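Reviewing the structure listed below.
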Amino acid sequence: MSDYKSKILLVDDDKDVIKYTSKLLESNDYDLRTASSVDEAISILNVFTPDILLTDIIMTGKTGYDLINIVKSDPKLSTIYIVVLSGNAVETDNIEEATSKGADGYLIRPISNKELLVRLKGFLKHKNSLFELKEKNNQLFHLFNENADAILLVDKNGAIKFSNKQAEILFEKKQEELLGLMLGEPIANIHGTQIEIANSNLNVKFAEIRTNNILIAFILIL
């Protein structure tokens, strides 16, 4: 059994909230740090990287919005899952603003101890799933770049989101020139001779166009 304790940084300028929330989380085996201001939180983040940053939105001085901006702008803190926590008087606009700035989830007080613990477990599960997906995507992109065929990765609307090195050579365009182009727009003067469509085990659709013995794979993300 793993001895790893999930790490949480709780940021709130209400001392009572810090006190009773700390007691609850520590008694449930979380590795907890607390801060009563954004500046204190930043100092802690220099030496402690939490799995979840649980922060109030409205605080004296710098706000939770400021903290979200700071965390999201630092690549070293990119793995942190941010959850905003505020009172029941918080307006929907505040939650929407926090989400638009990069918050991954939110909790509204009052909240029971049981619900808080259940929601935290859910956030951790979601965070781990996102991390695993990111790792798999990085592996796929590496394979795409090392592939001898030209590959374009497109979204469900047909916009190019990725091109490998061979695609740049084939189309004589840099990746930044290809990104955002829609399938159906002229990319290069190439005439296709065969189209094959198949489903992979990853539930991703492949449309393959063979031109002059060169394979271009358009991968449609569902």
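Quick look at the numbers
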{"read-out": "Residue satisfying condition, being closer than 23 Å to LYS5 by Cβ and either in contact with a strand residue (DSSP E or B) (Cβ under 8 Å, 6 or more places away or on another chain) or not acidic (Asp, Glu) (or both), within set LYS72, LYS114", "value": "LYS114"}
{"read-out": "Search result, residues across region 31-53 that are part of a loop (DSSP other than H, G, I, E, B) and either without any contact (Cβ under 8 Å) to a residue 60 or more places away in the chain or hydrophobic (A, V, I, L, M, F, W, C) (or both)", "value": "SER36, SER37, ASN46, VAL47, PHE48, THR49, PRO50"}
{"read-out": "Subset of region 1-30 [among the small types (Gly, Ala, Ser), part of a loop (DSSP other than H, G, I, E, B) and modelled with pLDDT of 95 or more]", "value": "SER6"}
{"read-out": "Lone unmet requirement of (1) over 19 Å from the mean Cα position of the chain (by Cα); (2) over 12 Å from ASP13 (Cα atoms) for ILE52", "value": "(1)"}
{"read-out": "Helices (runs of 4 or more DSSP H) wholly inside region 77-182 containing at least 1 residues that are free of Cβ contacts under 8 Å to residues at least 40 places away in the same chain and within 24 Å of ILE58 (Cα to Cα)", "value": "92-100, 113-146"}
{"read-out": "Qualifying residue in region 110-119 (condition: at pLDDT 95 or above, touching a helix residue (DSSP H, G or I) at 6+ places or on another chain (Cβ under 8 Å), within 29 Å of LYS134 (Cβ to Cβ) and of a type outside the set (S, T, N, Q))", "value": "yes"}
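Residues checked against (1) of a type outside the set (Ser, Thr, Tyr); (2) buried (at least 17 other Cβ atoms within 10 Å of the Cβ); (3) in contact with a strand residue (DSSP E or B) (Cβ under 6 Å, 6 or more places away or on another chain):
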site: ASP16; (1), (2), (3): yes, no, no
site: PHE48; (1), (2), (3): yes, no, yes
site: LEU54; (1), (2), (3): yes, yes, yes
site: VAL83; (1), (2), (3): yes, yes, yes
site: THR99; (1), (2), (3): no, no, no
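The values are calculated or read from the model by the stated rules, or taken from the named source; none is laboratory data. Not measured: the values here are computed from a predicted model. Backbone-built Cβ (ideal geometry, glycine too); neighbour counts: all protein chains shown.
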